[in-house]
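All remarks here apply to the structure that follows.
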4 protein chains.
Amino acid sequence: MTTELEHLAVRLREFARARDWEQFHTPKNLVMALAGEVGELVAEFQWLTADESRSPDPDALARMRTELGDVTLYLVRLADVLGVDLVEAATAKLDDNDRRYDADLYRGSARKAPPSPRGD
Amino acid sequence: MTTELEHLAVRLREFARARDWEQFHTPKNLVMALAGEVGELVAEFQWLTADESRSPDPDALARMRTELGDVTLYLVRLADVLGVDLVEAATAKLDDNDRRYDADLYRGSARKAPPSPRGD
Amino acid sequence: MTTELEHLAVRLREFARARDWEQFHTPKNLVMALAGEVGELVAEFQWLTADESRSPDPDALARMRTELGDVTLYLVRLADVLGVDLVEAATAKLDDNDRRYDADLYRGSARKAPPSPRGD
Amino acid sequence: MTTELEHLAVRLREFARARDWEQFHTPKNLVMALAGEVGELVAEFQWLTADESRSPDPDALARMRTELGDVTLYLVRLADVLGVDLVEAATAKLDDNDRRYDADLYRGSARKAPPSPRGD
């Protein structure tokens, strides 16, 4: 049974093939395209306060949705070209984080914020 | 029926709740965390040639898989907090691209590369 | 008279030459390295509130300084390899912004925030 | 004597003050704006080959120059708001790299590429 992500991946293969764009879809180029789209996504939030970001107005949310779509397309395409299963990779990382960041140790007063970036 | 992405989203909600980290998971913070992980993913490719990126050695591929997992986790969490369906958003964008970048017009000699960034 | 940035650029040319790394310093690779370092810089701020970001503790500020240094090195190196004068490019853009975003029109109640990303 | 970067920083302070935008220029927001601009810069290179990136056509180079200008503006503004001297930070990092990546050890056959990202 094809999952939603596999279906997207198949459509993206066909999209590239039909336009003879596979030559441009090296992982190196695709990760750059992904970074470009994430940049556009970040830009939608840059002037918002934390609270405004929790409740964006309809136009802002529509733009966020568009950029999230672009990010997802390049992420799926990149993973497919590399032969990586995104859900498997994400699940493995989450299992790992569940072990490393013990809930009792990291809750409330024990630690005030998610671990610093260099701790992962 | 729960899809794989919904299952990940539910696990991530629980992960944040158990550690009392929801306060830090504003969309503003989550998109920054996503950008940070995409930066780590890009770094895995920065010194590779296009061909090397197509066939990474096992260690490099393992690191790419790890970073792809991290990127996926933050993307799913961000979308969930915003109430955006990633597959729906991606599919809508792909349908849109299918129309805009007509295969006959954009194949082979008609155009040599995917459209420039400012054309999307 | 050599400016500070030109001095950095010259040192970076020598740094790459001495290690025979010029072959890796294509603009394509350098912009990826820059993106990777900006990702590390963003990560230093991702869990901070706006106020905490205005007054980071000494350790956090030291890490931000380190990452700002890394970003600057790759930005200077990339511009040098491309033959672009960073200060000239920045000044031209600022002159342009001064004209486009008229102070009287964009102050106070006239507009509540810097223009949306798609307006630049 | 004011350096070029200090002059840019002073102009940027005035630019924000005149429009009453200082409230939006928290380091958290500024680093996001920087990330957004770096994303636009990366996008200018994403479909280019390594060689094409070494010799971009005039239009492409003009767009790269524009984005390099935008990146520089936000980098200078962010550093100024944080009170970080960019040239000092970059120089300290370069001195450090000169020591850590000994030229004799890292040249030619000794190492084929700059150190992997996780080694910095």
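The values are calculated or read from the model by the stated rules, or taken from the named source; none is laboratory data. Fair warning: this is a prediction, and the values are worked out from it, not measured in the lab. A quick note on method: Cβ atoms are made from the backbone with ideal geometry, for glycine too, and the neighbour counts reach across all protein chains shown. The area values use the complete protein model at the heavy-atom level, side chains included, leaving out ligands, DNA and RNA. Shrake-Rupley method; radii C 1.70, N 1.55, O 1.52, S 1.80 Å.
Which helices pass in chain D if a helix is a full DSSP H run, must span at least 18 angstrom along its long axis by Cα, and must have mean Kyte-Doolittle hydropathy not below 0.5?
Helices meeting the span and hydropathy rule in chain D are D:27-43.
State, to one decimal in nm, how far the label point of A:ALA62 lies from the label point of A:ALA50, with both points 7 Å from Cα in the Cβ direction.
About 3.0 nm, to one decimal.
Please report the buried accessible area for the interface of A with B, total over both chains, probe 1.4 Å, in Å² to the nearest 100.
Answer for the A-B pair: about 6200 Å² buried.
Taking a point 7 Å out from Cα toward Cβ as the label site, list the nm distances between D:ASP96 and the same residue in every other copy, smallest first.
Values, ascending and in nm: 2.5, 3.4, 4.1.
Could you work out how far apart the two model spin labels at D:ASP96 and B:GLU88 are, taking each label as a point 7 Å from the Cα in the direction of the beta carbon, and quote it in nm?
Going by the 7 Å Cα→Cβ label model, 4.6 nm.
If I take the rotation axis that carries chain A onto chain B, which residue of chain A has the nearest beta-carbon, and at how many angstrom?
Axis relating chain A to chain B; nearest Cβ residue and distance: A:VAL38, 2.
Quick one: Cα centre-to-centre distance for segment C:1-77 and segment B:19-49, in angstrom?
18
Label-to-label distances across copies for C:HIS7, with labels 7 Å out along Cα→Cβ, in nm, shortest first?
Ordered by increasing distance: 1.7, 5.9, 6.2 nm.
Taking B:GLN23 in one copy and the same position in all the others, each labelled 7 Å out along Cα→Cβ, what are the pairwise distances from the first, in nm, shortest first?
Between copies, matching label points for B:GLN23 lie 2.5, 5.4, 5.6 nm apart.
About the Cα centre, and with charges only on the beta carbon of Lys, Arg (+1) and Asp, Glu (-1), how big is the dipole of chain B? Nearest 20 debye, please.
Details: 16 positive and 23 negative charges, 64 e Å.
With Lys and Arg at +1 and Asp and Glu at -1, about 300 debye.
Ratio of the protein assembly as shown's C-alpha Rg to 2.2 N^0.38 Å, to two decimals? Before the final figure, lay out each step's value.
Working: Rg = 21.7 Å, N = 480, 2.2 N^0.38 = 23.0 Å.
Scaled against compact globular proteins, the figure is 0.94.
Given an 8 Å cut-off on Cα distances and at least 6 residues of separation, report the relative contact order of chain C as a percent.
On the way: 43 pairs, mean separation 37.7, N = 120.
Taking the mean separation of contacting Cα pairs over the length of chain C, I get 31 percent.
Suppose each label sits 7 Å from its Cα in the direction of the beta carbon; what would the C:LEU105-B:ARG17 distance come out to in nanometres?
Result for the modelled spin labels: 4.9 nm.
Can you pick out the pairs among A:LYS28/D:LYS28; C:LYS93/D:LYS28; D:LYS28/D:LYS93; C:LYS93/D:LYS93 whose Cα atoms lie more than 26 Å from each other?
Long pairs (Cα-Cα over 26 Å): A:LYS28/D:LYS28; C:LYS93/D:LYS93.
Solvent-accessible area of C:ASP20, probe 1.4 Å, all protein chains present, reported in Å² to the nearest ten, please.
My reading of the accessible area for C:ASP20 is about 70 Å².
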